[in-house]
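The values are calculated or read from the model by the stated rules, or taken from the named source; none is laboratory data. As the structure is a prediction and not an experimental result, all values here were calculated from the model. Cβ coordinates were reconstructed from backbone atoms using ideal geometry, including for glycine residues, and neighbour counts include every protein chain displayed.
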Amino acid sequence: MHQEQGLAPGARILVIGASRGIGLATCRAALARGYRVRAFARNITAHAIRHPDYEAVQGDALDPGDVARALAGCDAVVQTLGVTADPATLLNPVTLFSQATQVLLTQIRALADDGTPPIRLIAITGYGIGDSRRALPLPERVLFEAVMGRVAADKERQESLIRSSDTAWTILRPGFLTRAVSCPQARLRADPRAWRNGFVSRDTVADTILSLLRTGEQSRKAVVLT
């Protein structure tokens, strides 16, 4: 099986959605492993992390110009977009994930057309998205669709766009996120027969992202982390 080349320390990683949550944890984990980090968000500040290899870039993930500028000179991109879990969001159509992904993929393709080496993409969606939904027990599935249906529908459009691209992508689907520092029982589940829901810390998700980038494993696959 073809193995994508891993990312060596010193490479520059763009983290989209870097101001909090998994994005912020990924920035810290990448810096700790010797990578350079470009943190991208609408409300990012240069003082969020103090490190010589940390660069904060304010921008809108839906703006092609902002995304193109953020991508310049990067070797990989980690997409960790999120929306607030309030009624106004959950009860109205959601398009952020698919629209931002279309912008990102278009800009990655433009760089490739200009001769830039391939950019590795790790996209964070969630357990219950796409074909992982049928691994949910029926009561969980009904509740998931009732509460998260609109968000899930757009994340599935997001995954479809990524799958149809020629980018070296991995879709990572974490389970329930916990504030715990680590979740030693959590593991990467590539085989659908092993998919199950569970808890995972943001730091564990970040560590897994960096492992995928370092090894190049799970390219063009959707995997579960629980």
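Overview of results
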| quantity | calculated |
| --- | --- |
| Which listed residue is in contact with a helix residue (DSSP H, G or I) (Cβ under 7 Å, 6 or more places away or on another chain), basic (Lys, Arg) and closer than 25 Å to residue 191 by Cα, from 157, 163 | 157 |
| Qualifying residue in the range 127-136 (condition: out of contact with any strand residue (DSSP E or B) (no Cβ under 7 Å at 6 or more places or on another chain) and either assigned to a loop (DSSP other than H, G, I, E, B) or closer than 16 Å to residue 83 by Cβ (or both)) | yes |
| Any chance residue 214 is in contact with a Leu (Cβ under 9 Å, 6 or more places away or on another chain) and either assigned to a strand (DSSP E or B) or closer than 23 Å to residue 141 by Cβ (or both) | no |
| All positions within the range 1-44 that are aliphatic (A, V, I, L, M), closer than 22 Å to residue 173 by Cβ and part of a loop (DSSP other than H, G, I, E, B) | 1, 7, 18 |
| Test: residue in the range 157-168 that is exposed (fewer than 14 other Cβ atoms within 10 Å of the Cβ) and not in a helix (DSSP H, G or I) | yes |
| Among (1) closer than 27 Å to residue 10 by Cβ; (2) out of contact with any Pro (no Cβ under 7 Å at 6 or more places or on another chain); (3) in a helix (DSSP H, G or I) - the single one residue 49 does not satisfy | (3) |
| Single residue of the range 111-120 satisfying the filter (in contact with a helix residue (DSSP H, G or I) (Cβ under 7 Å, 6 or more places away or on another chain) and without any contact (Cβ under 8 Å) to a residue 60 or more places away in the chain) that is farthest from residue 67 (Cα to Cα) | 118 |
| Residue match in the range 58-71 (condition: surrounded by 17 or more Cβ atoms within 10 Å (Cβ to Cβ), of a type in the set (S, T, N, Q) and at pLDDT 95 or above) | no |
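To keep it simple, each residue is scored yes or no on (1) surrounded by fewer than 20 Cβ atoms within 10 Å (Cβ to Cβ); (2) modelled with pLDDT under 90; (3) within 28 Å of residue 28 (Cα to Cα); (4) of a type in the set (D, E, K, R).
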{"position": "121", "(1), (2), (3), (4)": "no, no, yes, no"}
{"position": "141", "(1), (2), (3), (4)": "yes, yes, no, yes"}
{"position": "155", "(1), (2), (3), (4)": "no, no, yes, yes"}
{"position": "180", "(1), (2), (3), (4)": "yes, yes, yes, no"}
{"position": "188", "(1), (2), (3), (4)": "yes, no, yes, no"}
{"position": "221", "(1), (2), (3), (4)": "yes, no, yes, yes"}
